[in-house]
Amino acid sequence: MASSLQNQGSITYLTQREAAEIDEILMGPLGFSVDQLMELAGLSVATSMAEVYKPSEYNRVLAICGPGNNGGDGLVAARHLYHFGYKPFVCYPKRTSKPLYSGLVTQLESLSIPFLSVDELPVDWSNDFDILVDAMFGFSFHGAPRPPFDNLIEKLVHLNNYKQRQQKSPVIVSVDIPSGWHVEEGDVNGEGIKPDMLVSLTAPKLCAKKFSGPHHFLGGRFVPPSIAEKYKLHLPPYPGTSMCVRIGKPPQIDISALRENYMSPDFLEEQVEADPIDQFRKWFDDAVAAGLKEPNAMALSTTGKDGKPSSRMVLLKSVDKDGFVWYTNYESRKARELSENSHASLLFYWDGLNRQVRVEGSVQKVSDDESEQYFHSRPRGSQIGAIVSKQSTIVPGRHVLHQLYKELEEKYSDGSLIPKPKHWGGYRLQPERFEFWQGQQSRLHDRCLLYLGNRRTGSRI
């Protein structure tokens with residue numbers, strides 16, 4: 001789920017003492033256990049990484065885990081990354097016999113995730129890994145790193161030089177604190193790790209102010225109001241059900257470099273249903289089963305007598321052998337254009353499945369009875385909204401709409417029937433042509449063109 005953006009200046013940053021006190025309160029009077037917090041932290045790290053670095057492009061992940069809680073966070077993150085479709089490797093030089101950590105190792109081994117000793121690590125990490133997770137030391141660490149972690153940190157620092165020379169190099173993700181940094185003062189001598197992503201946990205530590213990489217995320221969605229009030233924490237709200245939220249603005253992106261290398265099963269012509277409506281239903285059911293948001297959302301494109309096309313998103317409300325039905329305002333721009341030119345097209349795009357369907361045909365209004373029946377099946381608030389909304393017209397402001405809505409809400413507060421406005425109803429597109437598209441690697445996409453009457457053509461373009 002996409003993360004919200006927050007102004008970095010409005011966020012609270014913790015001192016080392018405050019961070020330690022909050023952990024003590026969480027694991028003391030508030031009843032959290034270490035393994036609970038570690039699980040939430042590791043999941044936050046994995047989801048933050050998945051927000052930016054897609055497994056289709058950044059698949060090979062090396063998690064370098066220290067002996068403490070920060071290392072545990074890295075182990076948990078590796079497990080989640082495996083289930084997210086990445087190929088994780090783990091370097092865990094200083095194992096502990098504590099049941100919590102040995103249990104995490106067992107979980108990873110059961111997934112056949114390789115553990116690499118320091119000696120087994122490749123000489124040149126830039127060729128073997130796409131992401132390096134720095135989960136060596138957290139905010140409680142003091143002093144200088146000891147072997148083998150000092151050398152591992154140096155390897156990460158050395159990769160910064162690759163970036164400066166614009167050579168291929170894996171991205172570095174640091175968990176809570178870039179290892180080797182001072183918790184409050186940051187990279188004091190300027191010779192430490194310079195991660196591409198920092199995932200702060202619970203709340204950012206003071207050193208995070210010195211982070212200059214492109215991606216700063218906050219994870220650990222478990223801070224109760226009592227702690228937020230006591231420490232006057234100003235933390236960004238987490239969007240929806242997400243376990244992470246971006247801090248600050250995203251980096252400027254070269255739009256021309258944005259691309260996705262699709263990974264999909266082959267869409268073979270012999271697999272296509274003879275009736276294109278049946279094929280559409282099959283794919284639509286797949287989109288619903290995949291839990292995609294609003295799988296019935298479709299782009300409706302129309303053209304009036306002036307020949308100028310216009311598009312907008314509407315919601316499919318039914319589909320059968322007669323066509324595709326949606327409801328709208330009969331006084332809107334799309335309604336005017338359909339009255340001038342009944343030919344239109346629909347486009348469904350299901351990102352999570354790498355699929356899209358184009359449908360072209362002629363459009364006509366559904367019967368008044370059909371519109372009436374659907375109108376009264378809607379929530380009463382939506383019925384009132386249909387009366388209030390004057391699509392494609394200019395209104396003085398939202399306050400006018402809210403006032404009219406409130407008046408109608410009071411008028412029908414007794415539960416009486418809300419009459420369907422004459423300017424509202426349904427349209428049905430009677431399909432003539434379908435194109436089913438499925439993304440494939442290297443832009444060799446699958447396309448199958450179907451016409452009603454079982455005429456079909458298939459192509460890979």
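Measuring nothing but how far apart in sequence close Cα pairs (under 8 Å, 6+ apart) lie, relative to its length, the stretch 16-250 scores a relative contact order of 19 percent. Put 254, 73, 150 in order of accessible area, highest first, and with a 1.4 Å probe you get 254, 150, 73. Here semi-axes √(5λ) of the Cα gyration tensor in Å was computed from the coordinates, and among [x] 36, 26, 22; [y] 51, 30, 20; [z] 62, 41, 22 the match is [y].
Between the stretch 354-381 and the stretch 107-124, the alpha-carbon centres lie 55 Å apart.
Looking at the chain alone, DSSP beta bridges between its own residues are antiparallel in about 70 percent of cases.
Per residue, the chain exposes an accessible area of 51 Å² to a 1.4 Å probe, with every protein chain left in place. Just check the stretch 269-460 against the gyration tensor rule for me: Cα atoms, a ≥ b ≥ c as the square roots of the eigenvalues, rounded for a/c under 1.5, and otherwise prolate or oblate depending on whether a/b exceeds b/c. Here the stretch 269-460 falls in the prolate category. Per atom type, the stretch 1-149 shows carbon and sulfur on 53% of its accessible surface, probed at 1.4 Å. Taking a straight Cα-Cα cut-off under 28 Å and skipping sequence neighbours fewer than 8 places away in the same chain, the lysines within cross-link reach of residue 305 are 317, 334, 365, 390, 422.
When 262, 101 are compared by accessible area at a 1.4 angstrom probe, the order from most to least is 262, 101. Estimated at the nearest 10 Å², the accessible area of residue 336 is 110 Å² with a 1.4 Å probe. Ordered from highest to lowest accessible area with the whole protein assembly present and a 1.4 Å probe, 387, 172 read as 387, 172.
When the surface is traced with a 1.4 Å probe over the full set of protein chains, residue 283 keeps roughly 10 Å² accessible.
Here the relative contact order of the chain, from alpha carbon pairs under 8 Å that lie six or more residues apart, stands at 13 percent. Label-to-label distance, residue 407 versus residue 228, with points set 7 angstrom from Cα along the beta-carbon direction: 3.9 nm.
The values are calculated or read from the model by the stated rules, or taken from the named source; none is laboratory data. From a predicted model like this one, the values you see are computed outputs, not experimental measurements. Cβ coordinates were reconstructed from backbone atoms using ideal geometry, including for glycine residues, and neighbour counts include every protein chain displayed. Please note that ligands, DNA and RNA were not included when accessible areas were found on the heavy atoms of the full protein model with its side chains. Shrake-Rupley method; radii C 1.70, N 1.55, O 1.52, S 1.80 Å.
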